[in-house]
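What follows is a set of notes on a single structure, which appears directly below.
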Amino acid sequence: MNRKLELMKPSASMALMARAKEMQKTDPGVIGLAGGEPDFPTPARITEAAIRSLREGNTHYTVGPGIPELRAAIAKKLREENSVVCDEDCILITPGGKNAIYLAVHAVLNEGDEAVILDPSWVSYEPIVLSAGGVPVRVKLDYREDYRLSRELLEQAVTGKTRLLIINYPNNPTGRILHADEADMLERFLLEHPEICLLSDEVYEKIVYGESSVSMGSRRAVADRVITVNGFSKCAAMTGWRMGWLACSPELFRGVFKLYQHSVTCMSGFLQAGAAEAFSCGEEMEEMRAVYEQRRDLFCGILDSIPGVRCPRPEGAFYAWAFFDVRGMSSDEMCEYLMERARVVGMPGTAYGEENTACMRFSFANATDELETAANRIRDAILQLQE
Ligand code: PLP
């Protein structure tokens with residue numbers, strides 16, 4: 001077997017989602033909040049467009065990086081909504097945002113090159129870097145500073161071998177967005193390190209509860225080294241469609257596309273026809289966002305009222321990131337305890353590289369009544385510990 005695979009851990013979120021399913025076989029009342037899956041159906045117009053295309057016989061290979069109408073719609077969206085100027089020829093349609101990240105990382109890194117990952121971070125960046133023969137360098141952002149980016153921490157992590165920095169805003173798991181002052185700092189950092197590319201994972205872009213997150217591709221001085229990744233899974237409730245995309249410079253695109261041709265080949269024409277319709281579903285996406293906001297307020301509100309628990313409302317994405325100061329219990333212990341006592345499955349903070357404090361991530365992309373039950377059960381379970 002390839003030795004790199006031995007370095008790679010299996011996905012912790014998939015393991016806990018599977019555990020919740022297993023528990024539900026004997027106890028249907030178990031509530032799984034470990035995954036990151038919208039409970040809404042895909043907007044009907046998107047599904048109808050895909051069915052129409054399927055009926056029209058679009059069931060063969062499509063040629064190239066994606067159908068022109070979808071790539072043009074993405075280029076327009078990037079220009080108008082993100083101030084990112086990108087030629088539609090440099091947009092690649094991929095099987096999910098995850099594959100876009102995989103292709104980009106493989107296209108940038110050589111064996112032994114270092115990639116900086118900012119913790120807490122999504123579970124797949126490190127394995128993807130390892131699969132490319134890269135060396136993940138994990139920078140711990142500080143929970144006491146609300147996980148603000150710091151130039152000092154970045155500089156400490158950089159060596160002569162650093163070639164990639166991966167950022168993700170709105171962030172999974174913390175829900176933080178990229179603020180303009182942090183984007184300014186990142187721009188200056190990249191200007192002083194011309195050998196470093198930036199991968200900006202923006203898959204939760206539309207799920208924000210105040211201001212929008214800055215897209216680093218909008219910073220012209222460094223834009224040729226920024227790879228923007230996005231997709232339809234989270235914002236358009238299309239997780240099962242496996243539709244994502246990336247946008248980058250012509251030079252990077254040539255590399256990424258070669259890898260794509262020899263692995264993905266192309267994306268299905270009828271799925272792309274459906275996804276193109278997502279750009280006229282602004283209203284449907286806004287409705288989902290508004291419901292997430294209500295759920296955020298409800299779920300975080302209950303958790304935050306529990307003695308020993310702090311659950312700030314996230315600025316974006318659909319995760320509650322809760323801190324526990326309860327009888328010295330660690331993240332892993334709290335996760336196990338809540339699974340057993342509250343019958344609620346969440347994710348321990350350690351899965352995201354947060355080892356300095358006890359915390360957990362709970363998805364609030366579940367039905368509102370289920371979230372309320374889960375939050376109340378968590379409250380009761382924690383209060384029991386404090387009796
Ligand atoms: N990036 C982040 C931060 C995620 O949380 C996820 C999914 O959980 C992805 C990328 C990949 O999403 P998809 O491949 O479904 O587009």
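The values are calculated or read from the model by the stated rules, or taken from the named source; none is laboratory data. Just so it is clear, the model here is predicted, and its values are computed rather than measured. Positions of Cβ are backbone-derived with ideal geometry, glycine not excepted, and every protein chain shown enters the neighbour counts. Just so you know, the surface numbers come from the protein's heavy atoms only, side chains and all, with ligands and any DNA or RNA stripped out. Shrake-Rupley method; radii C 1.70, N 1.55, O 1.52, S 1.80 Å.
Filtered by the rule that a residue be open to solvent by 20 Å² or more (accessible area, probe 1.4 Å), of a type in the set (V, I, T) and within 16 Å of the ligand (Cβ to nearest atom), the stretch 99-136 gives a lone residue, V123. Give the residues of the stretch 345-387 that are within 21 Å of the chain's Cα centre (by Cα) and open to solvent by 10 Å² or more (accessible area, probe 1.4 Å), sorted by residue number. Listed by number, the residues that qualify are P348, T350, A351, E355, N366, A367. Only residues that are touching a helix residue (DSSP H, G or I) at 6+ places or on another chain (Cβ under 9 Å) and open to solvent by 60 Å² or more (accessible area, probe 1.4 Å) were counted in the stretch 5-14, giving 4. Screening the candidates R327, R313 for the property of being basic (K, R), within 20 Å of the chain's Cα centre (by Cα) and closer than 30 Å to M23 by Cα yields one hit, R313. From the residues in the stretch 221-236 that are among the small types (G, A, S) and open to solvent by 10 Å² or more (accessible area, probe 1.4 Å), which one is farthest from the ligand (Cβ to nearest atom)? The qualifying residue farthest from the ligand (Cβ to nearest atom) is A221. The residue that is surrounded by the fewest Cβ atoms within 10 Å (Cβ to Cβ), counting only those in the stretch 15-38 that are touching a strand residue (DSSP E or B) at 6+ places or on another chain (Cβ under 8 Å) and without any contact (Cβ under 8 Å) to a residue 12 or more places away in the chain, is K21. Exactly one residue out of I51, I31, I46, I67 is touching a helix residue (DSSP H, G or I) at 6+ places or on another chain (Cβ under 9 Å), within 16 Å of the ligand (Cβ to nearest atom) and at pLDDT 95 or above, and it is I46.
Note on the stretch 75-98: among residues that are among the small types (G, A, S) and surrounded by 15 or more Cβ atoms within 10 Å (Cβ to Cβ), the one that is farthest from the ligand (Cβ to nearest atom) is A75.
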